[in-house]
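The values are calculated or read from the model by the stated rules, or taken from the named source; none is laboratory data. Bear in mind that the values here come from a model prediction, so they are computed numbers and not experimental data. We place every Cβ from the backbone using ideal geometry, glycine too, and count neighbours over all the protein chains shown. With ligands, DNA and RNA removed, areas are computed over all heavy atoms of the protein, side chains included. Shrake-Rupley method; radii C 1.70, N 1.55, O 1.52, S 1.80 Å.
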There are 2 protein chains.
Amino acid sequence: MAVIVQKFGGTSVGSIERIQNVASRIIEEVENGNDVVVVVSAMGKTTDELVQLAKQISNQPSKREMDMLLSTGEQVSIALLAMALHEKGYQAVSLTGWQAGIKTEDVHGNARIIDIDTSRIYKYLQKGKIVIVAGFQGMTESGEITTLGRGGSDTTAVALAAALRADKCDIYTDVTGVFTTDPRYVKAARKLQEISYDEMLELANLGAGVLHPRAVEFAKNYQVTLEVRSSMEKERGTIVKEDISMEQHLIVRGIAFEDQVTRVTVQGLPKGLQTLPTIFTALANRGINVDIIIQSMTSNEATSVSFSISTEDLHETLQVLQSLQGVKVEYESRLAKVSIVGSGMISNPGVAAQMFQVLADCGIEIKMVSTSEIKISTVVAQEKMVAAVEALHEAFQLDEKTAVNS
Amino acid sequence: MAVIVQKFGGTSVGSIERIQNVASRIIEEVENGNDVVVVVSAMGKTTDELVQLAKQISNQPSKREMDMLLSTGEQVSIALLAMALHEKGYQAVSLTGWQAGIKTEDVHGNARIIDIDTSRIYKYLQKGKIVIVAGFQGMTESGEITTLGRGGSDTTAVALAAALRADKCDIYTDVTGVFTTDPRYVKAARKLQEISYDEMLELANLGAGVLHPRAVEFAKNYQVTLEVRSSMEKERGTIVKEDISMEQHLIVRGIAFEDQVTRVTVQGLPKGLQTLPTIFTALANRGINVDIIIQSMTSNEATSVSFSISTEDLHETLQVLQSLQGVKVEYESRLAKVSIVGSGMISNPGVAAQMFQVLADCGIEIKMVSTSEIKISTVVAQEKMVAAVEALHEAFQLDEKTAVNS
């Protein structure tokens, strides 16, 4: 019998009716003769509500206690989903992260999975039960409850698929697949049939965080084929795998963007090899995610460095930078990042030039640029973000139905 | 250093403000130089809300999955309380039932504690931390999450006090102690300074279930002295212990009552030793609590038996009885049970007669009677319940300030 892992996100289990709908989707795969392991997130806004409760008590609640608190959200979902399956006449059993054997490193709030002891899951599968695992959580060697950070349920699903050598790992979400860009902003956005892991990684923030980057990395490392699909509609979704056969001729596969970006510039840094590591280690230790980094150095002068962060981290970033002596810090908020992504870029020079021309034609000033082999990112004014995406979507022929399903 | 166990019920942690208040009560004992282990229930109506969620999915949800679901309620409380203590500058750590080493039998919904491995709690106490344990829950040998049934947090507290050989076990609740009868119904009700375990057991349903009978039994078996007191007010509460010195001359210590009682009568039972065990085993297997049982048998005739149940169990009781052949089942709902309790009764004949006379003088018909060494229970019409309690409270001199604090 084939083992299938299905993951349902918070929106998919956001109400009793939706939980019952999820039960039906699970039963379809069971009736197809599969062993099914299901990973679920907390219902709807539960996690946010728990965070709000904690914030009423403390501005900086202990990460250990936050894990204790937040891990209850998924535990509620798994119990209710198991009951819904029972009610439909199917055998199901729910398991918390620690019961499912998900072992993590000894870090709270953002732990990585280090191993999965699948014996308990196998025992239940052999008894013919549907196994429902709480996403987003695990346990350390010493019996502490940990969480994997936001998007952790995707990682749980992929890690379980790898550990169980599952035949499929279906990520059910509130969108029907991975799109060329976010359809909520750009009407011309189209669903992709297939996408590679690397492209998916670069597009990770498309479609309201449809798939968490850590989960994609995990899938890539263990060669787990994913399908991103809708929990409400039955159409096929987007397959995420290593080699993709179709659409290879598309230079740009999708356009990613995010708002609430701030650019920080530090001038007058003392020279020396340790300056940059000192800054970015200090930021990393505070959990601040730095995205684009641009350094300019002129001989005889002090160094200057610019980097982009999420605007919500600005306050803490400035605190960290205050501890540096003799430097001048400037920042600009209300920015957005717009990126074009596609593995076809590698063999197509001039893509960056084309991107800059498209933006220039729209009168959009580029404030930062960063490139990788399959992605070119630009930072622009937040109010120009959607216009930039629409122009690029059209210019790189993503509007057209070029060898892609609709 | 003395170890103190404090237990706070759902009302005491029903809001963020109340959790902060509980943190202050804990800190008082810490500042007195004590090692403190705290047991908390789920916040306010959380458990009821979770039960309602489950009922939207299934009329008879799996007990295992109910345990999975309900145990999240206490987990939220312990995390928030730990954060509140951190915020006030104290070291605290929360532990779920399984993390606290609370081992239960392999039964869901109503498991008994079989052992407590206190090593993890001691480890944290030695590090100077306040240890906060989720009440109402434990784990089986095979790693299943269990709950102890309603009132289980009291049992957790007493069991921990016994296992840790604690010097005190304070049960904080929303009343200031144990009363001669429920002050919400009878204005003349008075708070008792002391009460014995046995009297407390018989009075268990006084004052909105101020202390769960299982917890009292546990306390009696392990000779744990309890104090029932208010989490909001600082006055001393009621001490529950084996031998009580004062108030011995009081024949009746308190008057307990409950409404929603139904009397069921089964007529035409076939003769034979197995008839009664069959009925009551079948009821017990369905978790139906039978209270007073009265059997009348006349030679040559079939047996008849009456018993009282909680009205909410009536539907299920009738289902069980339907399976018996050739019997006639009658029932009367809208009844109440009124009991007088006191260890002084043993040596005072005529107490029952006096009780019956008081009720007769009020024109209250007695529908069932049951007696134990320290308790006499009567079943009366529900609408007469409060009148019966008031009349008995006065007749047995509980209104007077006879050698008791006010």
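The calculated Kirkwood hydrodynamic radius for the stretch B:30-83 is 12.8 Å, given to one decimal from all distinct C-alpha pairs. The value of relative contact order for the stretch A:3-241, using C-alpha pairs under 8 Å at least six residues apart, is 21 percent.
Residues B:T371, A:T225, ordered by accessible area of protein heavy atoms at a 1.4 angstrom probe radius and largest first, appear as B:T371, A:T225. Within the assembled protein chains, the solvent-accessible surface assigned to A:M385 is about 10 Å², based on a 1.4 Å probe.
At a threshold of 8 angstrom on Cα-Cα distance, excluding pairs fewer than six apart, so keeping six or more, what relative contact order does chain B reach in percent?
On the way: 875 pairs, mean separation 55.3, N = 406.
Relative CO of chain B lands at 14 percent.
Here the stretch A:178-237 and the stretch B:126-149 have alpha carbon centers that stand 41 Å from each other. So how tilted is helix B:63-87 from the main axis of chain B? Cα-based, degrees 0 to 90, rounded to 10. Value to nearest ten degrees: 40. Evaluating 6.51 cos²θ - 1.76 cosθ + 1.60 at θ = phi - 60° for every residue in the stretch B:226-237, the Karplus couplings come out as 10, 10, 8, 8, 8, 7, 9, 10, 8, 4, 4, x Hz, glycine and proline recorded as x. For the protein assembly as shown, the share of alpha carbon pairs falling in successive 20 Å distance bins from zero is 14, 37, 30, 14, 5, 0 percent. Measuring nothing but how far apart in sequence close Cα pairs (under 8 Å, 6+ apart) lie, relative to its length, the stretch B:53-151 scores a relative contact order of 32 percent. Of the whole protein surface, A:Y122 contributes about 80 Å² of accessible area at a 1.4 Å probe radius. Of all DSSP-defined beta bridges confined to chain B, some 60% are antiparallel rather than parallel.
Round to a whole number: what % of the accessible area of chain A belongs to carbon and sulfur, probe 1.4 Å? Kindly include the intermediate steps, with their values, before the conclusion.
Values: 8120 of 17290 Å².
Exposed carbon and sulfur together represent 47 percent of the surface.
To the nearest 10, the accessible area of B:F179 is 40 Å² with a 1.4 Å probe.
Distant-in-sequence amide contacts of A:I130, defined by a placed amide H-H separation under 5 Å and a gap of 5 or more residues or a different chain, comprise A:Q91, A:A92, A:V93.
What is the antiparallel percent of DSSP beta bridges lying wholly in the protein assembly as shown, to the nearest 5? Before the final figure, lay out each step's value.
Values: 90 of 146 bridges.
Around 60 percent of the beta bridges assigned by DSSP in the protein assembly as shown are antiparallel ones.
Residue order by solvent-accessible surface for B:H393, B:H315 is B:H315, B:H393, largest first, with ligands and nucleic acids left out and a 1.4 Å probe. The fraction of Cα-Cα pairs per 5 angstrom bin, counted from 0 for the stretch B:3-241, comes to 1, 7, 15, 19, 20, 17, 12, 6, 2, 0, 0 percent, rounded to whole percents. Within the straight-line cut-off of under 16 Å between alpha carbons, the lysines reachable from A:K187 are A:K401, sequence neighbours fewer than 8 places apart in one chain being disregarded. In this rough spin-label picture, where each label sits 7 Å from Cα along the Cβ direction, the A:L324-B:V107 distance is 6.5 nm. Sorting B:E242, A:E29, A:E233, A:E141 on solvent-accessible area from highest to lowest, probe radius 1.4 Å, gives A:E141, A:E233, B:E242, A:E29. Specify the angular offset, from 0 to 90 degrees and rounded to the nearest 10, of the alpha carbon long axis of helix A:213-222 from the longest principal axis of the alpha carbons in chain A. Result, in degrees: 70.
Among the listed pairs A:K55/A:K168; A:K103/A:K123; A:K45/B:K63; B:K45/B:K191; A:K88/B:K328, which have their C-alpha atoms separated by more than 29 angstrom in this model? Don't jump to the answer; show the numbers that get you there.
Numbers: A:K55/A:K168 39 Å; A:K103/A:K123 18 Å; A:K45/B:K63 26 Å; B:K45/B:K191 27 Å; A:K88/B:K328 36 Å.
Beyond 29 Å between Cα atoms: A:K55/A:K168; A:K88/B:K328.
Chain B residue nearest by beta-carbon to the axis mapping B to A, with distance in Å: B:T72, 2.
Here the sum of -39500 (n - 2.57) over DSSP H runs of 4 or more residues, divided by the residues of chain A, equals -10000 deg cm²/dmol at 222 nm, to the nearest 500. Once each part is reduced to its C-alpha centroid, what is the distance from the stretch A:371-386 to the stretch A:62-102 in angstrom? So the two Cα centres are separated by 39 Å.
Remark: the stretch A:39-49, residue by residue, has Karplus-estimated 3J(HN,Hα) of 10, 10, 8, 6, 5, x, 8, 3, 4, 4, 5 Hz, where x stands for each Gly or Pro and the curve is 6.51 cos²θ - 1.76 cosθ + 1.60 at θ = phi - 60°. Take the alpha carbon gyration tensor of chain A, find the square roots of its eigenvalues, order them as a ≥ b ≥ c, and report rounded if a/c is under 1.5; if not, report prolate when a/b exceeds b/c, else oblate. The shape class here is oblate.
Would you please state the base-10 log of I(q)/I(0) at q = 0.21, 0.32 1/Å for the stretch A:1-43, with intensities from the Debye formula using one equal scatterer on every alpha carbon? Here log10 of I(q) over I(0) equals -0.63, -1.08.
For chain B, the longest principal axis of the C-alpha atoms and the axis of helix B:16-31 are separated by about 70°.
Here the label points at A:D399 and A:E28, each 7 Å from Cα along the C-beta direction, are separated by 3.3 nm in the simple model.
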